[in-house]
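Enquirer: Got a structure for you, written out below as structure tokens; questions coming shortly.
The values are calculated or read from the model by the stated rules, or taken from the named source; none is laboratory data. Fair warning: this is a prediction, and the values are worked out from it, not measured in the lab. Backbone-built Cβ (ideal geometry, glycine too); neighbour counts: all protein chains shown. Keep in mind that these areas ignore ligands, DNA and RNA; they rest on the heavy atoms of the full protein, side chains included. Shrake-Rupley method; radii C 1.70, N 1.55, O 1.52, S 1.80 Å.
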Amino acid sequence: MNENTELSQYKLQATRLRDFLKAGGSEIQHAHALEAVAKMHGFPNYNTLKGSVSTLATKNVSTGKAQRDRLADALDKALHAEVTVVPTSLAVTSALEMYTSARNLLGHHIEVGGVPIEGVFAEIVTLCPDLPLAMLDAAALVTPSDQDVTRYAPYVRWLEPILARCKLLIRHLDGMEDNQATESLREQLRVEDAAAAAAYGLALAALENEDYFAIPGYLALADMYSLDDPDVDLSEDAAIAYLTLGAYENALDALGDDVPGATSNGVTLKSIIQSVIAVSEGRQAQAAVEMDLQRDGFACEVVRFIRESTSHRDAFMIKDHLLPFISDVPIINALLEPDLAVALARAALKDAPVAAWLELIAASSN
């Protein structure tokens, strides 16, 4: 309970005391009621009670900062430790057991066996510096983000080295003997899951920092590390983010050989980007794509964005409390969703033939 909350409870008790006495025909001033409440709680007067609350709050803040500093130091050392993980490591087994138990307590700020949750995670990352999911959770504890505007940018300090650590671990695991023990270790450590989450967090931070050139690369990384999860596909998001930059070939590469998201006309994002490339190079677009862009006034919407010179920021929407991953990673609590119409408009603003082509489609749909 923080200082303001605890004091408000005492003030509420004073108000209830006044109301009770008033109902019985006796009225007292609020200051007198506060003095009475103080005495009921064993204090000589209200000022002493208030001072004790302030002292306790200051002590709690100081203790909390000390715990976060300790965790930050442990996390920093773990991120720079040599990768030594082996399938039979007792440290790995012990850290995983501690982590499984501690994860259920995240967000509750309670102690485990008398040790604050920050202290528990400091022990985990020290015991096993090869558990990147624990590092992500530790980063959330070290840098509590309650800002209204920059919720992810403060995490960059940790997300970048965690992603780098994940890459090292993946190379280490890939170089180990391919057997059941190694496969089991890979499943337990879930390094790819941590890498995907770290990359996605960096994409969110890049959007906050208006670093639009970094967003598609991080989304593509998050998609690459999520390939084994059939329920996660970030390839279209990465492709649309590249499209906003006019990076057409990168957008195609992000989609790979898959053809997700086909419309009823059989048109896919890949075929739309291929048509954009064709028009940009002076060739003919696919007729099916042109027909699809005419539907529901989509091309007209794109042209409106072109004429308004829509900003790069408008190409991305943040949806809070919608997660891109099935795995719950506290540091990620929002979905970054690119807008195809704005992306096409942004591309057209840099590419006159594409702009003229979209204007023509919009005019023919009216």
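Enquirer: If I ask for residues that are at pLDDT below 70 and either surrounded by 13 or more Cβ atoms within 10 Å (Cβ to Cβ) or within 30 Å of VAL125 (Cα to Cα) (or both), which ones from the stretch 22-39 would you list?
Expert: Result: no residue meets the conditions.
Enquirer: ALA251: within 30 Å of GLU192 (Cα to Cα), under 30 Å from the mean Cα position of the chain (by Cα), modelled with pLDDT of 95 or more and not in a strand (DSSP E or B), yes or no?
Expert: Here the answer is yes, as ALA251 does meet what is asked.
Enquirer: Could you check the stretch 302-313 and list, in sequence order, the residues that are part of a helix (DSSP H, G or I), surrounded by 14 or more Cβ atoms within 10 Å (Cβ to Cβ) and within 30 Å of the chain's Cα centre (by Cα)?
Expert: VAL302, PHE305, HIS312
Enquirer: Any residue in the stretch 166-185 that's farther than 16 Å from LEU133 by Cβ: show its pairings with residues that are part of a helix (DSSP H, G or I) at Cβ separation under 6 Å, as long as the two are six or more apart or on different chains.
Expert: Cβ pairs passing all conditions: MET176/THR182.
Enquirer: Looking at the structure I just gave you, is GLN294 free of Cβ contacts under 8 Å to residues at least 40 places away in the same chain and more than 29 Å from the chain's Cα centre (by Cα)?
Expert: It is false that GLN294 is free of Cβ contacts under 8 Å to residues at least 40 places away in the same chain and more than 29 Å from the chain's Cα centre (by Cα).
Enquirer: How many residues are charged (D, E, K, R), farther than 13 Å from GLU123 by Cα and free of Cβ contacts under 8 Å to residues at least 12 places away in the same chain when one looks only at the stretch 77-107?
Expert: Going through the stretch 77-107 one residue at a time, the tally reaches 1.
Enquirer: Continuing with this model, one more query. Any idea which of (1) under 19 Å from LEU336 (Cβ atoms); (2) modelled with pLDDT under 90 is the one ALA262 doesn't satisfy?
Expert: (1)
Enquirer: Taking the stated definitions as given, is LEU202 at pLDDT 95 or above and either of a type in the set (Val, Ile, Thr) or touching a Phe, Trp or Tyr at 6+ places or on another chain (Cβ under 6 Å) (or both)?
Expert: Here the answer is yes, as LEU202 does meet what is asked.
Enquirer: Here's something else I'd like to know. Can you pull out the residues in the stretch 314-366 that are among the acidic types (Asp, Glu), outside any strand (DSSP E or B) and under 21 Å from ALA139 (Cα atoms)?
Expert: Once the filter is applied, which keeps residues that are among the acidic types (Asp, Glu), outside any strand (DSSP E or B) and under 21 Å from ALA139 (Cα atoms), the stretch 314-366 yields only ASP328.
Enquirer: If you don't mind, there's one more thing I want to ask. Only one of these is under 13 Å from LEU344 (Cβ atoms), surrounded by fewer than 24 Cβ atoms within 10 Å (Cβ to Cβ) and not aliphatic (A, V, I, L, M): GLY246, GLY297, GLY282. Name it.
Expert: After applying the criteria, what remains is GLY246.
Enquirer: Oh, and also: Scan the stretch 352-366 residue by residue and report those that are more than 14 Å from GLU301 (Cα to Cα) and open to solvent by less than 20 Å² (accessible area, probe 1.4 Å).
Expert: VAL354 - this is the single residue of the stretch 352-366 that is more than 14 Å from GLU301 (Cα to Cα) and open to solvent by less than 20 Å² (accessible area, probe 1.4 Å).
Enquirer: Has the stretch 324-341 got any residue that is more than 29 Å from ASP229 (Cβ to Cβ) and open to solvent by 70 Å² or more (accessible area, probe 1.4 Å)?
Expert: No, because not a single residue in the stretch 324-341 is more than 29 Å from ASP229 (Cβ to Cβ) and open to solvent by 70 Å² or more (accessible area, probe 1.4 Å).
Enquirer: Are there helices (runs of 4 or more DSSP H) fully within the stretch 121-190 with at least 3 residues that are in contact with a helix residue (DSSP H, G or I) (Cβ under 9 Å, 6 or more places away or on another chain) and of a type in the set (Lys, Arg)? List them.
Expert: 156-174
Enquirer: Scan the stretch 204-230 residue by residue and report those that are crowded, with 18+ Cβ neighbours inside 10 Å, within 15 Å of ILE318 (Cβ to Cβ) and not aromatic (Phe, Trp, Tyr).
Expert: Across the stretch 204-230, the qualifying residues are LEU204, ALA205, ALA206, LEU207, ILE215, LEU219.
Enquirer: Could you please find all residues in the stretch 167-192 being under 15 Å from TYR225 (Cβ atoms) and open to solvent by 60 Å² or more (accessible area, probe 1.4 Å)?
Expert: Within the stretch 167-192, LYS167, LEU168, ARG171, ASP174, GLU187, ARG190 meet the criteria.
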